[in-house]
Amino acid sequence: MRLRMRTLRAMMMAVLLSSQSANAQTRIAVISDTHVMDISNTALVTPGSESWDKAVAADRKLLDYSKAIFDKLVEKYKAEQPDLLLVTGDLTKDGEGDNLRYVFDRLRELTALGVKVYVIPGNHDIGGNSNTLVFNGANTSPASTWDVEKFKNNYYEQLCGGTLAYASESSLTYAVEPVDGLLLIGIDSHSGTVSEADLNWVCEQAEQAAREGKQVLAMMHHPLFPHINGADIYVNTATVNDYTTVRNRLADAGVRVVLSGHFHTSDIAKDWNADKSKEIYDINTGSTVSYPCDYRMLELNEDMTQLTVSTESVTELDGVENFRSVAKARLAASMKKIAEDKIKGKLGAMAAYAKDQVEELSTLAANAFTTHAEGDENESTEAQALLNELKNNGLVAVAIALYPDLGNSMESVLTDTSNYGDDEREDQTPDRQLTIDMPVLTENITLDGDGWATYCTDRRLDLGKTAGLTGYMVTGIGTTAVTISEVNVVAEKAGILLSGDGGSAYALHATGAAADDMSGNLLLGTLAETEAPEDAYVLARKDGLTAFYPAAPKLKIPAHKAYLKIGGGAAARFIGQEPTGISTILPADSQRSGFYTLQGVRRAKPGKGVYVKDGRLVIVK
């Protein structure tokens, strides 16, 4: 009967798999730092405003093209209809209410087509700042803004359909399962910090997802860790605050990938938790309004074991001649000014006597950062030329001697490496195209030659997804045998008895489905190596007979196994019903081994009586 059930289960699984699309991967579009300014809205910008022109000229961001770029991407996604669109913060120029409403309305066009859109706020989205302005001629005045509650009610509740689970009532950190088997966690870092309460909740969600066999993607606005040495030379808030703690906690919780923005460069970097036992990637997506105006497409394969990242750029814009060159020139000019100010500030009074050195170094720094924005610097001939100049230009060498931190940062930029302040953590990861192996959602077990094993895990398992394998719990212990009952969905941390083909390997699938009632289970599981307690019985095979045998004193029961505690004697307990039927009748002088009394005592030379051999009753006359 059991063989028939296994065969039927295998057939059902084959039908299920064959009915699924061969291209059932999940397509995830990612954009960041759109910084939309609706310049067509006269309530924000009066036509011909001198104050607006000055603001644009002073900013490295392409604010004057931000709306056109955003609109171009919305139309692209309306045509392509990815499964998900994720926006990792800084949706608007500086949190202007009218701009937030414009972005919201356009994103709603995508949700109306079935594209699931999820956002997190950036530091330019909530509450505004000193640049949250209305531009009217030569004058400016404060623009209206949204607070946390209004952002939550519009973007989270309306845009995301009210499907989010929040870290707390006042938090903007959330979790949602947009695709079966994928948990998306949006982490609020718009203040630059992830609160301890939110971080605790995020880790609990990630750990629970792993126990239920779900993959996890996390996203937050600020980068998880610095992608270049001395990143704060360019941006004071280059990473989330206390990034080492956030990194360690997320990696320990099983998060493999974090999507971020804020730094305006498309750079992918890998780091590890504190003891380097678990790796974690930060996929930092560049700004759509900073050269090279990047956006990402992620594809999660059908069984969610691999995440493939590809990167594209907005290279053309209607009505703008040579848009890519315009964008690059603006970034280079802006970064040169930032580098020049930093260098002069570092050199102090000496800067007045080192004008040539400052000019050379600031130009080189700007070109290096522009190359970094393009990504994969280690493969760039332009980056290699700049690296040679960094090392061989005499004027630059003088300035670097006075400002060595900048030289270290530039070398990191031009080689696409970072060591996070620790040489043993050095990383160089492709920035634009990459496939990442995601955490394994299945556990593997190989059955012994007799086809039986015990098992225990902190995940809930759906044995119905594993063809040819049957699970049992022990519900009773008799004088010679244990009574077993079949289980399909095994509760986490429960001891289980598995049966299948001897020597075969099986994949065990975690699940979030409700577990079977295992309240009567007598098997005790081990998540870590455990010294066998008194009266412990372990599954073993002796003389061709599989049964639960008394554990030897101080026996170490391995992790992920199960055992029984049985008092009142040393008899072995067989699996299933007590042996019935007469297998054969042997002479009293039989020298064959493997005979057990009905009390489980082994007899090398059995006398007259009834014994158990190979699970059958044997009468010796």
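The values are calculated or read from the model by the stated rules, or taken from the named source; none is laboratory data. These numbers come from a predicted model, not from an experiment. With ideal geometry, Cβ positions are generated from the backbone for all residues, glycine too; neighbour counts draw on all protein chains shown. Areas reflect the complete protein model, heavy atoms only, side chains present, ligands, DNA and RNA absent. Shrake-Rupley method; radii C 1.70, N 1.55, O 1.52, S 1.80 Å.
Of all residues in segment 251-278, how many are surrounded by fewer than 21 Cβ atoms within 10 Å (Cβ to Cβ), free of Cβ contacts under 8 Å to residues at least 60 places away in the same chain and under 13 Å from the mean Cα position of the chain (by Cα)?
Residues in segment 251-278 being surrounded by fewer than 21 Cβ atoms within 10 Å (Cβ to Cβ), free of Cβ contacts under 8 Å to residues at least 60 places away in the same chain and under 13 Å from the mean Cα position of the chain (by Cα): 2 in total.
Pairs, please: C-beta under 7 Å, at least 6 apart or cross-chain, first residue in contact (Cβ under 8 Å) with a residue 24 or more places away in the chain and of a type in the set (D, E, K, R) and in segment 54-68, second in a helix (DSSP H, G or I) and open to solvent by 40 Å² or more (accessible area, probe 1.4 Å)?
ARG60/ARG330
So which helices (runs of 4 or more DSSP H) stay within segment 319-404 end to end and still have 2 or more residues that are of a type in the set (Ser, Thr, Tyr)? Write out each step before concluding.
Values: elements: 323-347, 355-374, 381-392, 394-402.
By residue number, 323-347, 355-374.
Tally the residues that are without any contact (Cβ under 8 Å) to a residue 60 or more places away in the chain and either β-branched (Val, Ile, Thr) or assigned to a strand (DSSP E or B) (or both), restricting the search to segment 295-318.
Within segment 295-318, residues that are without any contact (Cβ under 8 Å) to a residue 60 or more places away in the chain and either β-branched (Val, Ile, Thr) or assigned to a strand (DSSP E or B) (or both) number 3.
So in segment 272-286, with the set limited to residues that are part of a loop (DSSP other than H, G, I, E, B) and in contact with a Leu (Cβ under 9 Å, 6 or more places away or on another chain), which one is nearest to ALA24 (Cα to Cα)?
Of all residues in segment 272-286, those part of a loop (DSSP other than H, G, I, E, B) come to 273-278, 285-286.
If we keep only those that are in contact with a Leu (Cβ under 9 Å, 6 or more places away or on another chain) too, we end up with 273, 285.
Working: ASN273: 32, THR285: 25 Å.
Within segment 272-286, the match that is nearest to ALA24 (Cα to Cα) is THR285.
Which number in (1) touching a strand residue (DSSP E or B) at 6+ places or on another chain (Cβ under 7 Å); (2) at pLDDT 95 or above; (3) within 27 Å of SER191 (Cβ to Cβ) marks the one condition that PHE263 misses?
(2)
Looking at GLY127, is it of a type outside the set (S, T, N, Q), open to solvent by less than 10 Å² (accessible area, probe 1.4 Å) and more than 19 Å from ILE39 (Cα to Cα)? Can you show your working first?
Values: of a type outside the set (S, T, N, Q): yes; open to solvent by less than 10 Å² (accessible area, probe 1.4 Å): no; more than 19 Å from ILE39 (Cα to Cα): yes.
Taking the combined requirement at face value, the residue does not satisfy it.
Looking only at segment 206-224, which residues are hydrophobic (A, V, I, L, M, F, W, C) and modelled with pLDDT of 95 or more?
Initially, segment 206-224 is screened for residues hydrophobic (A, V, I, L, M, F, W, C), giving 206, 209-210, 216-220, 224.
Correct list: ALA206, VAL216, LEU217, ALA218, MET219, MET220, LEU224.
Quick check on my filter: what residues within segment 463-500 are over 17 Å from THR442 (Cβ atoms) and open to solvent by 30 Å² or more (accessible area, probe 1.4 Å)?
Listed by number, the residues that qualify are THR475, ILE477, THR479, THR483, ILE484, SER485, GLU486, LYS493.
Please determine whether any residue of segment 54-75 is assigned to a helix (DSSP H, G or I), of a type in the set (Phe, Trp, Tyr) and crowded, with 18+ Cβ neighbours inside 10 Å.
Among the residues of segment 54-75, at least one is assigned to a helix (DSSP H, G or I), of a type in the set (Phe, Trp, Tyr) and crowded, with 18+ Cβ neighbours inside 10 Å, which makes the answer yes.
Could you say whether any residue in segment 409-424 is surrounded by 15 or more Cβ atoms within 10 Å (Cβ to Cβ), more than 33 Å from the chain's Cα centre (by Cα), hydrophobic (A, V, I, L, M, F, W, C) and not in a loop (DSSP other than H, G, I, E, B)?
The answer is no, given that none of the residues of segment 409-424 is surrounded by 15 or more Cβ atoms within 10 Å (Cβ to Cβ), more than 33 Å from the chain's Cα centre (by Cα), hydrophobic (A, V, I, L, M, F, W, C) and not in a loop (DSSP other than H, G, I, E, B).
Go through the residues of segment 166-187 one by one and say whether even a single one is among the acidic types (Asp, Glu), touching a residue at least 24 places away in the same chain (Cβ under 8 Å) and open to solvent by 70 Å² or more (accessible area, probe 1.4 Å).
Yes; the residues of segment 166-187 include at least one that is among the acidic types (Asp, Glu), touching a residue at least 24 places away in the same chain (Cβ under 8 Å) and open to solvent by 70 Å² or more (accessible area, probe 1.4 Å).
Only one of these is modelled with pLDDT of 60 or more, over 26 Å from VAL490 (Cα atoms) and out of contact with any Leu (no Cβ under 9 Å at 6 or more places or on another chain): GLY525, GLY544, GLY594, GLY600. Name it.
GLY544
Any idea which residue in segment 76-90 is surrounded by the fewest Cβ atoms within 10 Å (Cβ to Cβ), counting only those that are out of contact with any Gly (no Cβ under 7 Å at 6 or more places or on another chain) and part of a loop (DSSP other than H, G, I, E, B)?
ASP83
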